[in-house]
Amino acid sequence: LFCPHCGAFVEDSAVHCPQCGGALRPAAAPAAEIVSDPSSVKDYLTVNIVLLVLSVLCCGSVPSIVTGIIGVVFSSQARDLLRAGKWSEAAQKSRTARAMAIATGILLGVMALLLILLVALYGTVIFALLANTSY
Ligand SMILES: [Zn+2]
């Protein structure tokens, strides 16, 4: 290739121009991480869909529905990138998808606890009412 700074012809493998010492490759490359084991990159699509369905059906909690939807979106993006062989981009989407799955799980857990508390409280109130009316 030719040096973009001075126009000298340099080897393709060269990082710096031997004529002027200028960098031959734009600094964009280092941002992409190296994924050593592509099979370790997971899309978390199934877990995100399950958590989203649980959010809608079980508790109907808006925060976990939101994180569930974001999780499913990132999961499907990760799946597409994995199919395209873009491992490093897939790994980034995969991390967000996993974080969303964890967030949805925690939110669901909190909602489930609140529901149990609510049922327990109402149960006590109903029990007290029944106990009162029986007298
Ligand atoms: Zn040069």
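Values for this structure:
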{"item": "Residues located in the range 49-75, provided they are open to solvent by 50 Å² or more (accessible area, probe 1.4 Å) and not β-branched (Val, Ile, Thr)", "result": "Leu54, Leu57, Cys58, Pro63, Phe74"}
{"item": "Residues of the range 84-101 that turn out to be among the basic types (Lys, Arg) and either open to solvent by less than 50 Å² (accessible area, probe 1.4 Å) or not in a helix (DSSP H, G or I) (or both), as a count", "result": "1"}
{"item": "Filtered residues of the range 35-79 (kept if under 23 Å from Leu113 (Cβ atoms) and polar (S, T, N, Q))", "result": "Asn48, Ser55, Ser61, Ser64, Thr67"}
{"item": "Residue within the range 102-124 that is within 30 Å of Val35 (Cα to Cα), open to solvent by 40 Å² or more (accessible area, probe 1.4 Å) and in a helix (DSSP H, G or I) present", "result": "yes"}
{"item": "Candidate set from the range 1-24 (those that are near the ligand (Cβ under 6 Å from one of its atoms) and open to solvent by less than 100 Å² (accessible area, probe 1.4 Å)); member that is nearest to the chain's Cα centre (by Cα)", "result": "Gly22"}
{"item": "Evaluation of Leu81 against (1) open to solvent by less than 70 Å² (accessible area, probe 1.4 Å); (2) modelled with pLDDT under 85 (one fails), failing number", "result": "(2)"}
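The values are calculated or read from the model by the stated rules, or taken from the named source; none is laboratory data. Being a predicted model, the structure only gives us computed values, none of them experimental. FYI the Cβ positions are ideal-geometry reconstructions off the backbone, even for glycines, and counts take in every protein chain you see. With ligands, DNA and RNA removed, areas are computed over all heavy atoms of the protein, side chains included. Shrake-Rupley method; radii C 1.70, N 1.55, O 1.52, S 1.80 Å.
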